[in-house]
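Novice: I have a structure I would like to understand better, so I am pasting it below and will then ask my questions one at a time.
The values are calculated or read from the model by the stated rules, or taken from the named source; none is laboratory data. Fair warning: this is a prediction, and the values are worked out from it, not measured in the lab. Heads up, the Cβs are rebuilt from the backbone with ideal geometry, glycines too, and the neighbour counts pull from every protein chain shown. For accessibility, only protein heavy atoms count, side chains too; no ligands or nucleic acids. Shrake-Rupley method; radii C 1.70, N 1.55, O 1.52, S 1.80 Å.
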Amino acid sequence: MKRKHVAYAATAGAAAGVLGLTMLALPAGAGAAPALPEVAPEQLVESVMRAQPPALTATVEVDNALGLPAIPGAGQASEMLANGTSKFQVWADGQGRHRVSVPSHNGELTVVNDGSTVWKWDSAEQKVVRSPEHAPEAAEHAAPADPAATAREIIDKLRQTSDVKVDGTASIAGRDAYELVLTPKPTERTLLREVRVAVDAEKRVPLELSVLTNGSNDPALQVGFSSVDMSTPDPSLFQFTPPAGAKVEDGKAEHSPQQRPAHPQGEHKVVGDGWDSVLVAQLPQQEKQNGQDPRQIAERVGKPISGPWGNGWIIGTAAGNALLTSDGRVAAGAVPEQVLTAALGEA
């Protein structure tokens with residue numbers, strides 16, 4: 001049976017992208033296991049941490065059986081999190097510039113980071129949004145643009161609370177790789193069973209990230225490179241000129257320390273660490289998020305829940321839970337429901 005592979009990440013956003021639970025993964029046609037020199041687990045981990053981001057041209061394929069519903073009006077992120085298969089293209093120059101092209105029902109979403117400005121072009125709406133590179137809305141596109149960096153962050157976050165081993169080798173998108181496996185220590189309260197990372201034998205960058213959940217041999221999601229070329233792309237790909245007739249808007253610039261409000265809306269806190277960490281955030285006080293009222297979304301697709309922290313709605317999958325309270329707080333993590341609600345009391 002074909003292996004499936006999963007990558008996990010939790011974020012806050014429009015109801016935190018279905019109340020804060022964001023999963024991504026990439027299926028990368030596995031071939032025969034190559035013969036590679038043995039490497040110690042910690043040595044492999046350290047080499048991943050030191051590896052430089054490569055230049056690449058790649059196709060990312062997402063096969064999602066997570067069980068999250070698509071939310072009308074919630075944008076491309078919701079569509080990719082809903083059940084089904086999708087693909088997008090990624091280009092990177094290895095120096096921080098990247099380009100992502102994601103097909104949509106009515107056109108294409110293109111995001112270009114030219115090194116100082118992030119351009120988001122929606123061909124269906126004929127609209128361009130430009131933002132400073134480090135603005136909050138620019139950061140939400142970083143994970144798909146650099147899946148290797150996302151995998152590195154996950155390894156770094158989980159390594160101290162995991163048992164780590166090297167479990168053989170694999171061929172991923174035509175490249176030789178080691179299979180690094182992180183398993184949560186017995187003290188960790190999580191719905192996840194293990195994380196598998198296929199590490200490029202030459203470049204020591206992650207090629208594939210897999211998350212397996214407890215109680216199932218089938219992953220909830222798979223994300224991977226179906227093809228990857230690590231030569232430098234044409235520099236013109238990282239330049240962007242708004243098309244004629246496009247509406248151009250400026251995104252919100254990041255506040256300086258002097259300008260930042262004392263109690264900014266949307267500020268978040270992480271409760272716990274490792275596998276059972278929970279992200280708790282306050283949604284911005286706006287009428288709607290991406291055209292949808294987060295509370296109405298939660299009422300439609302979530303389960304009512306209450307406790308000493310108040311009341312709200314919870315959305316659960318095999319890989320995690322996310323909760324929106326009636327007063328606009330969001331909590332999300334790859335944890336059982338009781339860990340999520342306990343975190344609300346600590347935040």
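Novice: List the pairs from LYS157/LYS185; LYS120/LYS247; LYS157/LYS303 whose alpha-carbon separation is above 23 Å, in the order I gave them.
Specialist: LYS157/LYS303
Novice: Which order do the peptides 321-334, 235-248, 176-189 come out in when sorted by mean C-beta neighbours inside 10 angstrom, highest first?
Specialist: 321-334, 176-189, 235-248
Novice: Something else: If we count every other residue with Cβ under 11 angstrom of ALA173's Cβ, Lys/Arg +1 and Asp/Glu -1, where does the sum land?
Specialist: -4
Novice: If you don't mind, there's one more thing I want to ask. So, for the stretch 145-192, what is the accessible surface per residue at a probe of 1.4 Å, expressed in square angstrom?
Specialist: 43 Å²
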